[in-house]
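Since the structure comes first, as structure tokens, the remarks are kept for the end.
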Amino acid sequence: MSQSLAKILVHTVFSTKDRRPYLRDKILRAELHHYIGGILTQHDCQPLIIGGVEDHVHILSTLARTGAAADLVKEVKRGSTLWLKTKTPNLHDFAWQGGYGVFSIGFSQVEAVRQYIGGQEEHHRKVSFQDELRELLKRYEVEFDERFVWD
């Protein structure tokens, strides 16, 4: 094959530092999700849906053929942090947590993950971010040490 082709789907999730509710303002949150979509597009990743609540974000996107997940998350966090800090003085100390989760998904899972991300506000009326992340880690069979998951 003379051309390299790939379509890798990933579900990415990360929280604000210490899960602080920086993103309470729904309008700002929607703008942030749109901005993150732009960052993804600039890095040859197609955003399918971006959502979340006041203390974390979920992203369903493709991963660029030549990209690494760690590099992409780094750029999304860096760019969105710089952008958020320009929006209001209340966000001068905004930060994302140091870590993240990136999970590969199959094409048959796209609609379910899309609905899951779209329903975050309802979901988090009943489930904390910590419990949600524990469940994702178990579902994707990721071994973890609770002492090092939270910051």
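What follows is calculated from the coordinates using simple rules that are stated; it is not laboratory data. Everything numeric in this text was worked out from a predicted model, so none of it was measured. In this analysis, Cβ positions are derived from the backbone assuming ideal geometry, glycine residues included, and neighbour counts consider all displayed protein chains.
Please give the charge dipole size of the range 7-151, origin at the Cα centre, charges +1 on K and R Cβ atoms and -1 on D and E Cβ atoms. Round to the nearest 20 debye.
Working: 20 positive and 20 negative charges, 59 e Å.
For this selection, approximately 280 debye.
Applying a 10 Å radius around every beta-carbon, put 53-61, 4-12 in order of their mean neighbour count, most first.
On the way: 53-61: 21.9, 4-12: 14.3.
The packing order, highest mean first, is 53-61, 4-12.
Which loop-located trypsin sites (Lys or Arg not before Pro) does the range 59-151 contain, where loop means any DSSP state but H, G, I, E or B and the Cβ has at most 14 other Cβ atoms within 10 Å?
Numbers: sites: R65, K74, K77, R78, K85, K87, R114, R125, K126, R134, K138, R139, R147; in loops: R65, R125, K126.
Here the sparse-neighbourhood loop sites are R65, R125, K126.
Short version: ³J(HN,Hα) in whole Hz for each residue of the range 5-18, in order, from phi by Karplus 6.51 cos²θ - 1.76 cosθ + 1.60 (θ = phi - 60°), x for Gly and Pro, what are they?
3J(HN,Hα) across the range 5-18, in whole Hz: 10, 7, 9, 10, 9, 9, 10, 10, 9, 7, 10, 5, 4, 6.
Once fully extended, how much extra length lies between E135 and T86, figured as 0.36 nm per residue of separation less the alpha-carbon to alpha-carbon distance?
So the extension gain works out to 14.2 nm.
Roughly what would the spin-label model give for W150 and H123, points 7 Å off Cα along C-beta, in nm?
Rounded to a tenth, the inter-label distance reads 2.0 nm.
If amide hydrogens are placed 1.01 Å from N in the peptide plane, which non-local residues have theirs closer than 5 Å to the one on I49?
Placed amide hydrogens put L60 under 5 Å from I49.
Kyte-Doolittle cut-off -0.5, length cut-off 20 Å along the helix's own axis using Cα: show which whole DSSP H helices in the chain pass. Before the final figure, lay out the partial values.
Values: long enough: 26-42 (24 Å, 0.12); 69-87 (27 Å, -0.38).
Helices meeting the span and hydropathy rule in the chain are 26-42, 69-87.
Can you give the FRET efficiency for S108 and R65, using 1/(1 + (r/R0)^6), R0 = 22 Å, r = Cβ-Cβ distance, to the nearest 0.05?
Working: r = 22 Å, r/R0 = 0.98.
Taking R0 as 22 Å, the efficiency between S108 and R65 is 0.55.
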